[in-house]
Amino acid sequence: GLWLVWKTAGVGEQWFETDADLPAGKTVAGQPDHPKGDIQVFFTSPSEQPAWNGGLDAALAADIDKARTSVDLACYELDLQSVTDALLRASQRGVRVRVVIDADNLSLDQPQALIRAGVPLVTDDRTALMHNKFVVIDGQITWTGSWNLTDSGTYLNNNNTIRILGHKAAANYGRELDEMFTSRSFG
């Protein structure tokens with residue numbers, strides 16, 4: 001089933017079956033391991049004075065921290081330290097981590113930290129943007145949506161993402177990552 005998540009500091013977590021049931025106002029990610037359904041929809045909650053923690057990045061990092069076999073990530077830009085740290089921890093546990101990122105963002109601290117740690121990272125090496133935004137974990141969990149894996153994309157901009165449990169979506173996104181990572185086929 002499809003479930004929508006609403007979570008704000010000091011209020012706790014509420015789950016809604018339809019978007020009509022969502023409260024008006026700001027929304028942000030709930031816990032990724034909540035037992036409600038196979039598809040979860042998350043929204044960012046932009047703020048003029050963001051907390052810079054506990055948003056979508058924390059939920060994604062929690063899933064990466066549970067990875068046992070593989071994490072495949074494709075993103076335009078990565079500057080979220082929480083996600084980078086989770087990728088590094090996964091790699092240190094022996095999880096196969098592969099990253100595809102747009103070449104324009106390779107010089108950021110977080111991709112450079114991954115490279116220094118020996119995490120395989122591929123760029124698109126072309127003028128057009130590689131603007132994918134997805135993560136596949138253990139061939140069973142897929143995160144995808146409008147969310148850029150950046151501080152501003154998480155805490156200052158309106159974004160959404162879905163978390164899909166199941167091997168079919170993961171296999172489709174996995175093939176896309178293979179095209180970019182292995183075949184260097186973009187576009």
request  = Please calculate the 1.4 Å probe accessible area of Asp151, with all protein chains present, and give it to the nearest 10 Å².
outcome  = 50 Å²
key: Point-to-point label distance, Trp52-Arg175, nm (Cα→Cβ direction, 7 Å offset)   = 4.2 nm
query = Dipole size in debye (nearest 20) for segment 98-161 around its Cα centre, Lys and Arg Cβ +1, Asp and Glu Cβ -1?
reply = 100 debye
ask   = Stokes-Einstein D for segment 55-187 at 37 °C, 0.692 mPa s, Kirkwood Rh over Cα pairs, in µm²/s?
value = 227 µm²/s
task = Provide, for q = 0.16, 0.21 Å⁻¹, the log10 of I(q)/I(0) from a solvent-free Debye sum over equal Cα point scatterers in segment 42-108.
result = -0.60, -0.94
remark   = Arg126 and Gln81 label points (each 7 Å along its Cα→Cβ direction) are spaced in nm at 3.5 nm
task = Within segment 163-185, find all residues whose amide N lies under 19 Å from a label point positioned 7 Å from the Cα of Asp38 along Cα-to-beta-carbon.
result = 163-175
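The values are calculated or read from the model by the stated rules, or taken from the named source; none is laboratory data. Just so it is clear, the structure is predicted and the values come from calculations on it, not from any experiment. All Cβ positions, glycine included, derive from the backbone under ideal geometry; neighbour counts span all protein chains shown. Heavy atoms of the whole protein, side chains included, go into the accessibility calculation; ligands, DNA and RNA do not. Shrake-Rupley method; radii C 1.70, N 1.55, O 1.52, S 1.80 Å.
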